[in-house]
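Step one of this worksheet: look at the structure below.
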Amino acid sequence: MLITCPYCGPRDVIEFTYQGDGNRERPEPASQNFEAWNAYVYDRLNPAGDHNEIWQHSGGCRAHLRVMRNTLTHEISSVAFVRGDHASPARGRAEDKP
Amino acid sequence: MAEYSALSLLANALKGNKDWKPAWRKPDPKASYDVIIIGGGGHGLATAYYLAKEHGITNVAVLEKGWLGSGNVGRNTTAVRSNYLLPANTRFYEHSMKLWENLSHELNYNVMFSQRGCLNLAHTPAQFDDYARRGNAMRHLGVDAELMAPAEIKRLIPALDISNDARFPVVGGLMQRRAGTARHDAVAWGFARGADRRGVDIIENCEVTGFLRDGDRVTGVTTSRGDIRAKKVAVAVAGSTGRVMQLAGVETMPIESHVLQAFVTESLKPFIDTVVTFGMGHFYMSQSDKGGLVYGGDIDGYNSYAQRGNLPIVDEVMSEMLALFPGLARVRMLRSWGGVCDMSMDGSPIITMGPLPGMYLNCGWCYGGFKATPASGWCFAWTIAKDQPHDFNAPFTLDRFHRGLVIDDKGQGANPRLH
């Protein structure tokens, strides 16, 4: 299985660390909505087909990647930085000071 | 007279083996049943068998998408053990062990259950202490366990490198003598025949495509061979739980599907007569009666329904094997294959009523489902027949995650690829 890192190009899966399901919504840190926390920690869509997941290129540039991968064929249809266009901060982070 | 006996073997041999009955019929599905079991693997077939035998419920259909035993019951590495730490797991798997001990006799079918022992190797003093703790927890609940010193281990497994020059020297081990292996295909066939002879319809090549509903209540299934109604619909499809529950409109489960690979070498002369596990990684090995070394390691570690894995795990498993047994370096690997595992969020299974009315659920076996086969069927049959769990499976609910009652034997947290 090869994952095409946007920085480094196609690399063997052994360079990457699986970070799991990318569909999960983490509640705000102060949230006391226990159902939302439970769902975030324990519930998975686990589809047979295209799966939105997070990988880290831990043996390379260390970027976190959002990968669309088919769980029936292991075919990868898209790879992007988790931070979207890579200019805006990750969700929940403060805007960079100019 | 039992269907299979020395006498029947002789009589059939004299008649040219023409009169053997097929081990199970090939019936067409009826329009309705008391109970439908989705999944003709070990657990589904065992459930059907115990429903008929223990509870007298024989108007039962087992629906199998492919051929009988084509899934994980024929893909595992056949180890049977009950060496767990937490009481809920220990009690359940020990019940399974007791059923295993009488299974060939009970089924009148030789499942080749061989109590050759299972030895967990410790490579650090801290790990040895941890094994002592687990061994004590097991003995506290009446399960056999004994600690072994390196010299004793060397006598048991001469091929093992226990020298201080080994990459990970062996400092001791935890042995469960009653553990062992069984022939996995025979387990499926034995339960299938036992259920069939009691009137259960085993319907192969019958894929469930949806659920019939009356409001919330599940009243049957649509299949590739027509609609079938039932008072109770039981799901025992570990590996495909996500797919089948999606058909029922259950969007999320506390499960991820992962692929686990297994391997077998060419046949060797007797090399190892126990099940041995490596403590500095994840590796387990035994030798089949044909002589092949049967072994495996970790799951590949990403969601997959593909029943095949990738090379990094192959490489890792071989490395671990050679760290323990340098002498196997020139042995050729004969076959490798993959199976899909329901990795649950705490490493323990789910055997419960629900989650919809009229539905019963058996899933989340991670990669420990084979050893559980008899107890899983026994407890699931109890749950279906009585509409309440037995004490053995009462802790294994679906809602335990949201209620904070997880049963996490390895203490890994909600990280399914680490269980």
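Per-residue extension of 0.36 nm, minus the Cα-Cα distance of B:Lys18 and B:Glu101, leaves a gain of 26.6 nm for this segment. Classified by the C-alpha gyration tensor, region A:2-96 has an oblate form. Its axis ratio a/c, with a ≥ b ≥ c, is 1.5 or above, and a/b does not exceed b/c.
The protection proxy used here, the mean number of other Cβ atoms lying within 10 Å of each residue, ranks peptides B:99-108, B:368-377, B:119-128 as follows, highest first: B:368-377, B:119-128, B:99-108. When each of the peptides A:70-83, B:72-85, B:9-22 is scored by how many other beta carbons lie within 10 Å of its residues on average, the order from highest to lowest is B:72-85, A:70-83, B:9-22.
Put simply, the amide H of B:Tyr302, placed in the peptide plane, has neighbours under 5 Å in B:Val259, leaving out anything fewer than 5 places away on its chain.
Counting only DSSP H runs of at least 4 residues, each contributing -39500 (n - 2.57), and dividing by the residue count of the protein assembly as shown, the helix-based mean residue ellipticity at 222 nm comes to -7500 deg cm²/dmol.
Peptide B:238-246 has a mean of 2 when you count, residue by residue, the C-beta atoms of other protein chains within 10 Å of its C-beta.
Computed from Cα positions, the angle between helix B:369-386 and the longest principal axis of chain B comes to roughly 30 degrees. For peptide A:33-46, the mean count of partner chain Cβ atoms within 10 Å of a residue's Cβ comes to 6.
With a/c under 1.5 counting as rounded, go ahead and sort region B:274-412 into rounded, prolate or oblate using the C-alpha gyration tensor (a ≥ b ≥ c being the square roots of the eigenvalues; past the cut-off, prolate if a/b is larger than b/c, else oblate). Prolate, since a/c reaches 1.5 and a/b exceeds b/c. Within straight-line reach of B:Lys269, meaning a Cα separation under 24 Å, sit the following lysines at least 8 residues removed in sequence or on another chain: B:Lys154, B:Lys290. The angle between the Cα long axis of helix B:311-324 and the longest principal axis of the Cα atoms of chain B comes to about 50 degrees, rounded to the nearest 10. Relative to the longest principal Cα axis of chain B, at what angle does helix B:125-140 sit, 0 to 90 degrees, rounded to 10? Approximately 40 degrees, to the nearest ten. Under 8 Å for C-alpha pairs, at least 6 residues apart: give me the relative contact order for chain B, rounded to a whole percent. Reported relative contact order: 22 percent. Binning the C-alpha pair distances of the protein assembly as shown at 10 Å intervals from 0 yields a P(r) profile of 4, 17, 27, 26, 17, 7, 1, 0, 0, 0 %, listed from the shortest bin outward.
Other protein chain C-beta atoms within 10 Å of residue C-beta, averaged over A:16-24: 3. Here B:Lys53 is the anchor, and the lysines within straight C-alpha reach of less than 20 Å, apart from those fewer than 8 places off in the same chain, are B:Lys98, B:Lys231, B:Lys232, B:Lys386. Here the contact order of region A:2-96, divided by its residue count and restricted to Cα pairs under 8 Å and six or more residues apart, works out to 25 percent.
Using the Karplus relation 6.51 cos²θ - 1.76 cosθ + 1.60 with θ = phi - 60°, the per-residue 3J(HN,Hα) values for region B:219-224 come to 10, x, 9, 9, 9, 5 Hz, with x marking Gly and Pro. Amide H contacts for B:Ala414 (H built 1.01 Å from N in the peptide plane; partners 5 or more residues away or on another chain; cut-off under 5 Å): none found.
Read-outs throughout are calculated quantities, based only on the coordinates presented, and are distinct from any laboratory measurement. Bear in mind the structure is a predicted one, so any value in this text is a computation, not a measurement. Reconstructed Cβ throughout: ideal geometry from the backbone, glycine too, with neighbour counts over all protein chains shown.
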